[in-house]
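**Student:** One structure, pasted below without further comment.
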């Protein structure tokens, strides 16, 4: 049976709909950086998603080809995630200013994927798909201490959940620690093309100290 990160690490992917504090370990990701409204039909964000999945499935399906990755195990491709920021915003995201959102779209990499194997996967994806994957990078993130919560509803209603998160952390003596290196983080557990906005499930995570 394929290893499923969501099921094996429920503390990171399936939190309750009430805030909690946790320490997130260092993880490696496939990443694409960009800027702009994520809803724009031909915008940078939607293009980034195709690049991420192109590399992720190249790694997953390597078992079918001649290239053998040391330590490989079959896995369910982890969910799409995003690190977000905006110039001049210190408490999260201003959803009325989507055009100036900056993002790092990511998909978690299995532990057996080294930098060298990642570079092979990018090159193989380019060869097979005849697409430029030069924007894709190998990214390591060590989030550390965070507050998180499952948000159920539209992306535009996320401020309601982040307000609860901030109230919770303050009541326990923590303070928000958003900066250039520690960003607003979302993990997308629902496909917005197939799910009603009020039923979308998104993990929201903020760094604290």
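**Student:** Test each condition in (1) surrounded by fewer than 21 Cβ atoms within 10 Å (Cβ to Cβ); (2) within 25 Å of residue 8 (Cβ to Cβ); (3) in contact (Cβ under 8 Å) with a residue 24 or more places away in the chain; (4) within 17 Å of the chain's Cα centre (by Cα) for residue 137 and report the one that comes out false.
**Tutor:** (2)
**Student:** OK, next. Just to verify a result, which residue in segment 91-103, among those that are touching a residue at least 40 places away in the same chain (Cβ under 8 Å) and touching a helix residue (DSSP H, G or I) at 6+ places or on another chain (Cβ under 9 Å), is farthest from residue 181 (Cα to Cα)?
**Tutor:** Result: 95.
**Student:** Looking for something crowded, with 19+ Cβ neighbours inside 10 Å, in contact with a helix residue (DSSP H, G or I) (Cβ under 7 Å, 6 or more places away or on another chain) and within 15 Å of residue 206 (Cα to Cα) - is there at least one such residue anywhere in segment 148-166?
**Tutor:** yes
**Student:** Okay, next question. Can you name the helices (runs of 4 or more DSSP H) wholly within segment 1-62 that have at least 3 residues being in contact with a helix residue (DSSP H, G or I) (Cβ under 8 Å, 6 or more places away or on another chain) and surrounded by 14 or more Cβ atoms within 10 Å (Cβ to Cβ)? Even if it seems obvious, please write down each step before you answer.
**Tutor:** Values: elements: 5-8, 10-13, 44-60.
Because the criterion is at least 3 residues that are in contact with a helix residue (DSSP H, G or I) (Cβ under 8 Å, 6 or more places away or on another chain) and surrounded by 14 or more Cβ atoms within 10 Å (Cβ to Cβ), the helices (runs of 4 or more DSSP H) in segment 1-62 that meet it are 44-60.
**Student:** Sticking with this one: Which of the residues that make up segment 77-123 are at pLDDT 95 or above, under 30 Å from residue 163 (Cβ atoms) and surrounded by fewer than 16 Cβ atoms within 10 Å (Cβ to Cβ)?
**Tutor:** Scanning segment 77-123 gives a single hit, 102.
**Student:** Considering only segment 125-209, give the strands (runs of 3 or more DSSP E) lying wholly within it that have at least 2 residues that are farther than 21 Å from residue 30 by Cβ.
**Tutor:** On the way: elements: 136-141, 144-152, 184-188, 201-207.
In segment 125-209, the matching strands (runs of 3 or more DSSP E) lie at 144-152, 201-207.
**Student:** Does residue 74 meet the test of being over 19 Å from the mean Cα position of the chain (by Cα) and either free of Cβ contacts under 8 Å to residues at least 24 places away in the same chain or under 30 Å from residue 162 (Cβ atoms) (or both)? First the steps, then the outcome.
**Tutor:** Details: over 19 Å from the mean Cα position of the chain (by Cα): yes; either free of Cβ contacts under 8 Å to residues at least 24 places away in the same chain or under 30 Å from residue 162 (Cβ atoms) (or both): no.
Judged against the criteria, residue 74 is not a match.
The values are calculated or read from the model by the stated rules, or taken from the named source; none is laboratory data. Computed from a predicted structure; not experimentally measured. We place every Cβ from the backbone using ideal geometry, glycine too, and count neighbours over all the protein chains shown.
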